[in-house]
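The values are calculated or read from the model by the stated rules, or taken from the named source; none is laboratory data. Source: prediction; values computed, not measured. No Cβ is skipped: glycine too gets one built from the backbone with ideal geometry, and neighbour counts run over all protein chains shown. These accessible areas exclude ligands, DNA and RNA; they are computed on the full protein's heavy atoms, side chains included. Shrake-Rupley method; radii C 1.70, N 1.55, O 1.52, S 1.80 Å.
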Amino acid sequence: MKTLLVLAGGFGTRLRSVVSDVPKSLAPVAEKPFIVHLIDHWLDQGVRDFVFLLHYKADQIEAVLGKVAAENETSNVRFRIIMEDIPLGTGGSVLNAINEFGIDHDFLVANADTWLESGVQEISMLPPCVLAATRVKNSERYGFLELSGETITNFLEKPKSQSNEEVYVNSGLYHLTPSIFSRFARGANFSLEEDVFPFLVSIGQLSVVKVSGSFIDIGVPGDYLKFCKWMELGQKDEL
């Protein structure tokens, strides 16, 4: 299984009305930090090599990761951490990790605030560059994807009004390769979503794998509380 880079440096400003004392990835869910649920879920899908990209309240996340690493020290799992002194954006964080650890092979990237039921195995088997897309009914929170077969042709803006039409959206899970970051300088602040992916789309080099199952981004209070309830009820119903 490929190395998984976990984007966990965000400020989580939209969630602070309900989670103010810890960073978003440590938001409590069913008596555990959200990121611990994610790690367990990724381990179940075969991930064994993790790199966590941290900035905001990094010491708190590091302490939690230290406990998780200790619990898995006999199971051939590797945890590495990068603490960024300044925010680098999602793209800059990934490039920083590539340089810091000399990553010269393709790798996975995932968000530390998003639950996705499946996708790790599926996306790992495809050649980079690939984005995992999931189908949602209400796209008011997300921009959505325009597709031609298995290729992404456009990223469309979030609709101005709520829609119940089913669309494919970016799930926050990617299979990438270091070469696509060669246009950027080390230490630059840039975005995967706004700077890297649109360029790949413009040259027809960003494909998609469609994944099914539960999906949620806990970045706003309503969805965070919805996820908490779902976990407390044993994941029985559809998210």
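For the modelled label position 7 Å from the Cα of Glu232 along Cα-to-Cβ, which residues of region 1-30 have backbone nitrogen atoms closer than 13 Å?
28-30
Could you calculate the FRET efficiency of Ala185 with Asn154 from 1/(1 + (r/R0)^6), where r is the beta carbon distance between them and R0 is 41 Å, rounded to 0.05?
Step by step, r from the Cβ atoms, then E = 0.90.
Ranked from the most accessible area to the least, with a 1.4 Å probe and all protein chains present, what is the order of Met231, Met1?
Correct descending sequence by accessible area is Met1, Met231.
Ignoring ligands, DNA and RNA, please state the percent of accessible area on region 97-151 from carbon and sulfur, probe 1.4 Å.
47
Could you list which residues have their amide H under 5 Å from that of Val209, counting only those 5 or more apart in sequence or on another chain, with H placed in the peptide plane?
Leu131, Ala132, Ala133
Tell me, what is the per residue accessible area of region 85-239 in Å², probe radius 1.4 Å? Mind showing how you got there, number by number?
Numbers: 7610 Å² over 155 residues.
I get 49 Å² per residue for this part.
So how far apart, in nm, are the two label points at Asp49 and Ala70 if each is 7 Å from Cα heading toward Cβ?
Going from the Asp49 label point to the Ala70 one covers 2.7 nm.
On a 31 Å Cα-Cα criterion, which of the cross-link pairs Lys57/Lys137; Lys137/Lys229; Lys2/Lys210; Lys67/Lys210; Lys32/Lys137 come out too long?
Among Lys57/Lys137; Lys137/Lys229; Lys2/Lys210; Lys67/Lys210; Lys32/Lys137, the Cα-Cα distance tops 31 Å for Lys57/Lys137; Lys67/Lys210.
Counting Lys and Arg as +1 and Asp and Glu as -1, each charge on the Cβ, what is the dipole of region 80-142 about the Cα centre in debye, to the nearest 20? Write out the running numbers ahead of the final one.
Numbers: 4 positive and 9 negative charges, 61 e Å.
For this selection, approximately 300 debye.
Report, in deg cm²/dmol and to the nearest 500, the calculated mean residue ellipticity at 222 nm for the chain, where each DSSP H run with n ≥ 4 adds -39500 (n - 2.57) and the sum is divided by the residue count.
-7500 deg cm²/dmol
For region 166-228, which trypsin sites (Lys or Arg not before Pro) are in a loop by DSSP, counting at most 16 other Cβ atoms within 10 Å?
Sparse-neighbourhood loop trypsin sites (Lys or Arg not before Pro): Arg183, Arg186.
Report, to two decimal places, the Cα Rg of region 27-150 normalised by 2.2 N^0.38 Å (N = number of residues).
Cα-based Rg divided by the globular estimate yields 1.15.
Along the Cα→Cβ direction, 7 angstrom out, place labels at Glu146 and Glu31. What is the inter-label distance in nm?
My value for the distance between the label points is 5.0 nm.
For a distance above 20 Å, tell me the whole-number percent of Cα pairs in region 112-239 that qualify.
Across region 112-239, Cα pairs with separations above 20 Å total 49 percent.
Which parts of region 1-40 would a label at Asp59 reach, counting a residue when its backbone N lies under 16 Å from a point 7 Å out along Cα-to-Cβ?
21-23
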